Structure formats: C-alpha cells, structure tokens
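Please treat every number below as a calculation from the coordinates, not as lab data. All figures in this text were calculated on a predicted structure; none of them were measured in a lab. Positions of Cβ are backbone-derived with ideal geometry, glycine not excepted, and every protein chain shown enters the neighbour counts.
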Amino acid sequence: MTTTNNKPRLKKMVVNDIVSMKNKEKISVITSYDYWSAKICDNSGIDIILVGDSGGMVMLGYNSTVPVNMKEMLIFSKAVSLGTKRSLIVSDMPFGSYQVGIKHAVRNAIRFIKTGSDAVKLEGGIEIIDRIKAIKEVGIPVMGHIGLKPQTTKLWEGYRVQGNTAIGGSQLLKEAIELEKAGVFAIVLEMVTSEVADLISRNVKIPTIGIGSGPHCDGQVLVLHDMLNLYDNIKPRFVKTYTNLSETILNSIHNYITDVKTGKFPEDRHSYKIEDKEFERLVKMIKTLRKKLS
Ligand code: KIV
C-alpha cells in the first residue's frame with residue numbers, strides 16, 4: 001500500500017489507507033503549496049501532502065498563519081493537486097473560513113474539495129465540533145489539529161509547549177476523544193509533550209500526526225521549507241533540517257551572476273542558430289535596404 005523504500009507509490013492514497021496504518025506503519029506527512037514541490041513530494045512516496053496555512057508564512061511572507069485567506073489557500077491547493085497523483089492531499093482551512101458558522105464552514109470545505117484536495121484540516125477542539133460534524137456529513141474527510149494551534153494560541157499565550165501540566169494533558173486527551181467521536185480521521189498534535197502525545201495516541205483509534213510532539217505519535221509532519229532550510233524567520237527546536245537549500249540556491253545564483261558578467265553564459269549550446277545560407281541572405285537584404293534608405 002505504501003512505500004517504505006522511497007519509491008513512488010503505485011496507487012492513489014485514500015483516507016482509509018491512512019487510518020489502517022495505525023499501529024502498523026508510521027505515517028509520513030510533509031507540507032507543499034505549489035505544483036513543482038508537490039510533484040517532488042508525490043514522487044518521494046510521502047503518504048500525505050498537507051497544504052498547510054504555514055504557506056501564508058513561507059510562501060507569502062506573512063508573520064503568522066493568521067492573515068492567509070481562502071483565495072490564497074485555494075491557489076496553493078489547486079497547484080498541489082495538479083502536481084500530485086498518489087499522495088493524499090489535505091488542505092488547511094485558514095483562520096476565518098470556519099469560525100463564523102456551520103454553513104460558511106461547509107461551503108469553504110467544499111471549495112477545497114473542488115480544487116482536488118482529498119480532505120480538510122481544522123484547528124481546534126470541542127469548540128468546533130459542530131463544524132467538523134457538518135463538514136463530515138456532506139462527505140468530506142476532516143483532519144483535526146490540537147495542542148499548539150498557531151491560528152489562535154498565539155493571540156492568547158504565544159507559541160508554547162502544550163500538555164505540560166496534568167490539567168492541560170487531560171484537557172488535550174478529552175479534546176482528542178471528542179474529535180474522534182465527531183468523526184475526524186486523524187489528529188495533528190502540535191508541540192504537545194511526548195508523554196501526553198503518547199497517552200493520546202494510545203487512547204484513540206485514529207492516527208495521531210505529531211509535530212514537535214515526540215516519537216510516539218502514529219505519524220510525523222514537517223514544513224517542507226523548514227526541513228530544507230528555506231525559511232529561517234522562525235526555527236522551532238523540533239525541526240530537523242535535511243539539507244541547506246538556501247545556501248545551494250544562493251551559491252547557484254552567485255555562479256550565474258558571475259557567468260553573466262564574465263560572458264561564460266550563455267554558451268553555444270544554450271543558443272539557437274540560423275542556417276549560414278539564410279544568414280547570408282539576410283545580410284544581403286539589409287545591405288539592399290540600407291542603400292535604398294540612404
Ligand atoms: O500549516 C501547517 O504547516 C500545519 C502543520 C504545522 C501541521 O498545520
């Protein structure tokens with residue numbers, strides 16, 4: 001069903017494939033917001049591509065996930081769906097797209113499915129259960145997201161570890177159980193202490209996807225730009241970088257500038273040729289034209 005040896009998967013992932021991976025195989029999730037990176041992610045054999053609202057920060061330069069809107073998220077989602085053949089695509093519903101009311105939330109969720117996404121993700125717990133149920137009722141799979149909720153946590157307490165007290169931990173467990181009852185197919189746990197993430201993972205039947213929540217979650221998600229070192233405005237401790245693409249890109253552009261300034265680029269192999277005979281004709285034509293004009 002999935003690939004553990006980094007080969008492109010053969011068949012399109014569906015939500016039930018993800019659910020059935022619990023306790024069998026860890027689920028790999030990565031963000032993408034555009035056609036070319038989605039194509040690479042899809043070819044890597046990743047299980048889920050998340051069109052995260054983090055795209056507002058890493059693609060558009062906003063200083064949090066709050067400003068990104070439906071129009072921008074729909075463009076990201078469309079581009080990702082055009083570049084994806086096999087991974088499951090989950091799109092983040094941005095702040096403001098599901099808070100106002102049930103109808104509004106359902107309408108916006110449908111807009112994501114129309115772009116080619118397979119599911120939507122909503123940040124929140126008990127306070128948004130009615131919207132999760134309503135979206136699921138029209139047939140759209142929903143992924144939950146609790147712990148640090150960047151759309152709103154920032155407004156109240158800033159970016160902080162969640163579930164580091166008995167009360168906090170029990171509240172998170174309660175929320176996870178309520179989300180499961182409401183019908184979400186998986187839950188993102190963001191910046192939750194390892195112990196509490198483990199407790200939640202063992203007490204729900206659906207997969208948990210951790211980000212900064214330790215090794216016991218059923219899967220892991222990272223922001224593509226963080227793991228490639230393409231975004232250095234915020235670098236949380238939980239990010240593992242696998243390469244330094246910023247440096248590679250910078251060096252490549254420096255080399256390009258040098259080649260342009262020194263005439264090393266373009267070479268003959270980068271240029272197009274007119275046939276000698278045609279060029280001679282052209283020179284003659286210009287000579288005749290010049291005579292006529294003088
Ligand atoms: O927007 C995003 O990238 C996310 C992940 C942090 C889970 O929601």
* Label region 1-141 by shape, choosing from rounded, prolate and oblate, from the square roots a ≥ b ≥ c of the eigenvalues of the Cα gyration tensor; if a/c is under 1.5 it is rounded, and otherwise prolate applies when a/b is larger than b/c, oblate when it is not. => oblate
* Asked: Roughly speaking, what is the centre-to-centre gap between region 150-211 and region 251-291 when only Cα atoms are used, to the nearest Å?
  -> 61 Å
* **Cα gyration tensor, region 248-293 - rounded (a/c under 1.5), prolate or oblate** => prolate
* Asked: In whole angstrom, how far apart do the alpha carbon centroids of region 41-84 and region 86-135 sit?
  -> 14 Å
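Within the set LYS24/LYS240; LYS149/LYS240; LYS85/LYS264; LYS154/LYS174; LYS261/LYS292; LYS39/LYS103, which residue pairs have Cα atoms separated by over 30 Å? Intermediate values should be presented prior to the final figure.
Details: LYS24/LYS240 24 Å; LYS149/LYS240 20 Å; LYS85/LYS264 39 Å; LYS154/LYS174 22 Å; LYS261/LYS292 39 Å; LYS39/LYS103 33 Å.
Beyond 30 Å: LYS85/LYS264; LYS261/LYS292; LYS39/LYS103.
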* Asked: Mean projection of the alpha-carbon convex hull of the chain over all orientations, in nm²?
  -> 22.5 nm²
* Asked: If you line up the long axis of helix 276-293 against the longest principal axis of the chain, both from Cα atoms, how many degrees apart are they, to the nearest 10?
  -> 70 degrees
* To do: Calculate for the chain the 222 nm mean residue ellipticity that helices alone would give, adding -39,500 (n - 2.57) per DSSP H run of length 4 or more and normalising by residue count, nearest 500 deg cm²/dmol.
  => -13000 deg cm²/dmol
* Structure fact -> Between TYR62 and residues 5 or more places away or on another chain, the pairs with built amide H atoms under 5 Å apart involve MET57
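Size of the dipole of region 248-293 about the Cα centre, Lys and Arg at +1 and Asp and Glu at -1 on the beta carbon, nothing else charged, in debye to 20? It would help to have the intermediate numbers written out before the result.
Values: 11 positive and 7 negative charges, 102 e Å.
Using only the charged Cβ atoms, the result is roughly 500 debye.
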* Vicinal HN-Hα couplings computed from phi for region 118-123 (Karplus, 6.51 cos²θ - 1.76 cosθ + 1.60; Hz; Gly/Pro x) -> 9, 6, 10, 10, 10, 7
* **Packing-based order for 242-249, 227-234, using average beta carbon neighbours within 10 Å, highest first** => 227-234, 242-249
* To do: Just order 32-39, 143-150 by mean Cβ neighbour count inside 10 Å, highest at the front, would you?
  => 143-150, 32-39
* Derived scalar couplings ³J(HN,Hα) [region 25-42; Karplus, 6.51 cos²θ - 1.76 cosθ + 1.60; whole Hz; x for Gly, Pro] -> 8, 5, 9, 9, 9, 9, 8, 7, 9, 8, 5, 5, 6, 4, 4, 5, 4, 4
* In order through region 162-175: 3J(HN,Hα) via Karplus (6.51 cos²θ - 1.76 cosθ + 1.60), integer Hz, x for Gly, Pro -> 10, x, 9, 10, 4, 5, x, x, 5, 5, 5, 4, 4, 5
* Spatially proximal aspartates and glutamates relative to LYS12 (Cα-Cα < 15 Å; intrachain offsets below 8 disregarded) -> ASP42, ASP47, ASP118
* To do: Restricting to the chain, compute how many DSSP beta bridges are antiparallel as a %, nearest 5.
  => 5 percent
